[in-house]
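J.: This is the structure I have questions about; it appears just below.
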Amino acid sequence: MDDRMQSIDRRLFLGAGASTLMALPALAQQGAAGEAPKASEPKPAAAAVTGKRLGQVVADFVVGFELKDAPAVAIDRTRVAFTDTVGVMLAGCRQEVSTILCDMVRLEGGAPAASIVGQSLRASPQLAALANGVAAHAMDYDLTYVAGQAASAVIPAVLPVAEVTGATPAETMAATIIGYEVAARVGRSNFLASSVGGWHTVGTIGVIAAAAACARLLKVPVERIPDVIGISASMASGLSVNFGSMTKPLHSGHAARDGVMAALLGARGFTSNPNALEGHSGYFEDFGRGLEVSYDPFKDLGHRYDLVAMGYDLKAYPCGGLAHTAIEAALALRERLAPRLSDITSIHCSVTRNAGQRAGTQYPQSVENAKFSLAYMVAYSLVHGAPMISAFTEEAIKDEKVKAVAKTVSASVDPALGPGTRESPAILKVTLSDGQTFEQRVDYQTGSIQNPMTQAQIENKFRDCAAQSVKADVASKILAVLNALPARPSFEDFWPLLRVS
């Protein structure tokens, strides 16, 4: 029955009845879906919208951006993004997916020019970016920006390039802001490519953003940057079918590595089509096939900052972000329900369309599955409390108490909760054997723009993550460097701190 259901076109299936969506047991493995997309209309030439080809618009921004002109909010959010990303890399580098990846890097060999976060191993900038990117996304703990974790690959790519070029913290921050702003423009121009098209923004957007950031650090001439962008556009990839597997974090590593490669090649005269983004059979036409595409977001690149206007959501728990409101609904009910867990007969979770596409109710068979299992995350939260790093281990998913509660969990998409493209509210309804019911709704999860983390919470998350790789005193030194960005004169004393023997 499951195989038959998975063969049904998801758009038609949702049209028949979104409320039954969560009955499918392996939604984390499915492609994206949603309302039927708008019919594709002839797209205006980019020049008609921006006055220039999109690659040239990006090139002018890469070369012309000055950190001193950036809003203070954009700079501070970039500082926090560094803290959060380095933290999750220090934790993610201890995951099995990173161990396997670094084994491959060792076999590749190459010049030991750049540090890999959390490893004693050094590698070429491309391979270091690959390992860093996998570590950054290994636990699904990295921040959400625009659509999913579209900028996941930027900092993992920027770090090794900054190290080998001797870039200052200010130069590195400038490159990162460039990467984040380019990611936002690419993502907003084809916003439905993920939720409806099924592409994973970590790979499809991240590689272009990483390439733009690296082009800045490598001081690629403005006339060659359109080639860098065109090269990266051809490297864009990432299928959401691989959610719940090790290949999901590989998307981030792949994007980081290929962003570095695109910048290195373009700087040396390697060419691409100058219309690679907007041209026929180009990036937007192919990844946005049948969907609405607009180049308007590129109009104000360098003048309006999406880091300010939109911001990002930090993650309080190392798992799929669209389920965090369901987790916090369970946590809100835990005090009343903890003494009566054995009396629970049903737990029903109403979620948004996008949450329904990404998370299922089947009990996880692996740690990767657990990060997208509503049954596991809700049950764990009721039994043990907040699902932090220790919740996503082979030992944790074998917990019989959690398994027993998870058997009562069901879920469905509630259209009234919205699509879940940014906010992802959830309603949890728990019924006991005596007929008593408890209901809890959470609209904004901890770490969202509407419910932001405090500086203390940001630092606590960093320390918890860093503890997976380094001692407390080293974590404090790393944090001191990151908190002082971009004012520090050099990163000279920073790189050794990231290398763990």
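J.: Project the alpha carbons of segment 430-494 onto their principal axes and report the range along each, largest first, in whole Å.
T.: 64, 27, 13
J.: Another question, then. Could you work out the relative contact order of the chain? I mean the mean sequence separation of Cα pairs under 8 Å and 6+ apart, divided by the number of residues, in percent.
T.: On the way: 1097 pairs, mean separation 110.5, N = 501.
Once normalised by length, the contact order is 22 percent.
J.: Right, next: If you build the convex hull over the alpha carbons only and average its shadow over all orientations, what do you get for segment 116-246? Give it in nm² to one decimal.
T.: Mean orientational projected area (segment 116-246, Cα hull): 8.0 nm².
J.: While we're on this one: For the peptides 400-410, 259-269, 470-480, what is the packing order when you average, over each peptide's residues, the other Cβ atoms within 10 Å and list the highest mean first?
T.: In descending order of packing, they fall as 259-269, 400-410, 470-480.
J.: Looking at this model, which pairs from Lys401/Lys429; Lys219/Lys315; Lys219/Lys299; Lys248/Lys407; Lys219/Lys471 are more than 31 angstrom apart at the alpha-carbon?
T.: Result: Lys219/Lys315; Lys219/Lys471 exceed 31 Å.
J.: Subtract the Cα-Cα distance of Gln455 and Asn483 from 0.36 nm times their separation in residues, and report this length gain in nm to one decimal. Please report the intermediate quantities before stating the final value.
T.: On the way: separation 28, 0.36 × 28 = 10.08 nm, distance 1.02 nm.
Difference between extended and current length: 9.1 nm.
J.: Can you give the alpha-carbon Rg of segment 359-501 over 2.2 N^0.38 Å, where N counts its residues?
T.: In units of the globular-protein estimate, segment 359-501 measures up at 1.36.
J.: Based on Cβ point charges of +1 for Lys and Arg and -1 for Asp and Glu, what charge dipole magnitude is obtained for the chain about its Cα centre, in debye rounded to the nearest 20? Walk me through the numbers on the way to the answer.
T.: Values: 44 positive and 47 negative charges, 24 e Å.
Here the chain has a charge dipole of around 120 debye.
J.: Largest first and to the nearest Å, give the Cα extent of the chain along each principal axis.
T.: For the chain, the Cα extents along the three principal axes come out at 71, 58, 43 Å.
J.: Based on the Cβ-Cβ distance of Val73 and Glu439, what FRET efficiency does E = 1/(1 + (r/R0)^6) give at R0 = 41 Å, to the nearest 0.05?
T.: On the way: r = 37 Å, r/R0 = 0.90.
Efficiency computed from Cβ-Cβ geometry: 0.65.
J.: Now for a different question. Tell me the Kirkwood hydrodynamic radius of segment 316-374 in angstroms, computed as one over the mean inverse distance between distinct C-alpha pairs.
T.: Averaging 1/r across every pair of different Cα atoms and inverting gives 12.6 Å.
J.: When N is the residue count of segment 237-367, what does its C-alpha Rg come to as a fraction of 2.2 N^0.38 Å?
T.: Taking the Cα Rg and dividing by 2.2 N^0.38 Å, one obtains 1.52.
J.: Using the heavy atoms of the protein chains alone and a 1.4 angstrom probe, what is the accessible area of the chain per residue in square angstrom?
T.: 38
J.: Rg(Cα) of segment 199-241 divided by 2.2 N^0.38 Å?
T.: Segment 199-241 yields a ratio of 1.22.
J.: Next up: How much of the pair distance distribution for segment 133-182 lies past 14 Å, counting alpha-carbon pairs only, in percent?
T.: 52
J.: Moving on to the next point. Give the distance, in whole Å, between the Cα centre of segment 268-307 and the Cα centre of segment 411-485.
T.: Using only Cα atoms to place each centre, the spacing works out to 32 Å.
The values are calculated or read from the model by the stated rules, or taken from the named source; none is laboratory data. Keep in mind it's a predicted model, so treat the numbers as computed, not measured. Glycine also receives a Cβ, built like all others from the backbone with ideal geometry; neighbour counts cover every protein chain displayed. Just so you know, the surface numbers come from the protein's heavy atoms only, side chains and all, with ligands and any DNA or RNA stripped out. Shrake-Rupley method; radii C 1.70, N 1.55, O 1.52, S 1.80 Å.
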